[in-house]
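Read the structure below first, then the notes.
The values are calculated or read from the model by the stated rules, or taken from the named source; none is laboratory data. Treat the numbers as computed from the prediction; the structure is a model and nothing was measured. Cβ placement follows ideal geometry from the backbone for every residue including glycine, while neighbour counts extend to all protein chains displayed. Just the protein is used for accessible areas: all its heavy atoms, side chains included, with ligands, DNA and RNA removed. Shrake-Rupley method; radii C 1.70, N 1.55, O 1.52, S 1.80 Å.
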Amino acid sequence: MIAIIDYGAGNIQSVINAVEFLGQKAVLVSNPNDLAKFNKAILPGVGAFGEAMIKLKSANLDKAIYEFVSQNKPFLGICLGMQLLFEKSYEFGEHDGLGILKGSIIKFDESKFDKKLKIPHMGWNSCEFTRSTPINKGLDESAYLYFVHSFHVVCDDEIMLSKTNYGYDFVSSVAKDNIFGFQPHPEKSHENGLKIFKNFMEL
């Protein structure tokens, strides 16, 4: 069984559908005491960073997540769920994140674009994988996934798993030890997204 962390800021049903389509049981977890019962967990998320952190902390899910990842259990953050793993976000002010990974979240810098592009970055785009890990096994070096976001991660190359170009290159997925994160939505990315979930289940 896989825990889907429910803190009121997730695109949860489509994640559940994808996991269960692959034959695995997905369980919504909103009680922090329940998270420890699972061997794998997914942190989904849509919406604003600051508000999401308030919800996590008010439910004491932040502490439960720290404990979970410290036990070397596989953990997957999706979209906002990936961003929350980092130290800080500059979305509508400055907000502290979980700080599990080093890096920050910034808005797309339109001054770096060589042409006019819409923000948010929405639709299909390629993830150019920079290395091989169990989470991207079986995916092409350039795999198309579905994105919806206005902010992106800035972090060290050593944890970057893929980059994507939208006006300029940005980090689109990360991997460090038992922790994985994808800015695009695997649950909306058809076959490539299902491969990511399948790989996660097999960790």
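A single member of LEU194, LEU139 is of a type in the set (A, V, I, L, M, F, W, C), closer than 20 Å to SER14 by Cα and open to solvent by less than 60 Å² (accessible area, probe 1.4 Å), and it is LEU194.
Please verify whether ILE105 is in contact with a strand residue (DSSP E or B) (Cβ under 7 Å, 6 or more places away or on another chain), over 24 Å from MET201 (Cα atoms) and not in a loop (DSSP other than H, G, I, E, B), treating the condition exactly as stated.
Yes: the conditions hold for ILE105.
Within segment 135-183, the set of residues being among the acidic types (Asp, Glu), touching a strand residue (DSSP E or B) at 6+ places or on another chain (Cβ under 7 Å) and either assigned to a strand (DSSP E or B) or at positive phi (or both) comprises ASP169 only. Helices (runs of 4 or more DSSP H) fully within segment 1-75 that include at least 3 residues being surrounded by 18 or more Cβ atoms within 10 Å (Cβ to Cβ): 12-21, 49-58, 61-70. Of the candidates GLY103, GLY99, GLY77, GLY81, the single residue that is under 17 Å from the mean Cα position of the chain (by Cα) and either farther than 30 Å from LYS37 by Cα or free of Cβ contacts under 8 Å to residues at least 24 places away in the same chain (or both) is GLY99.
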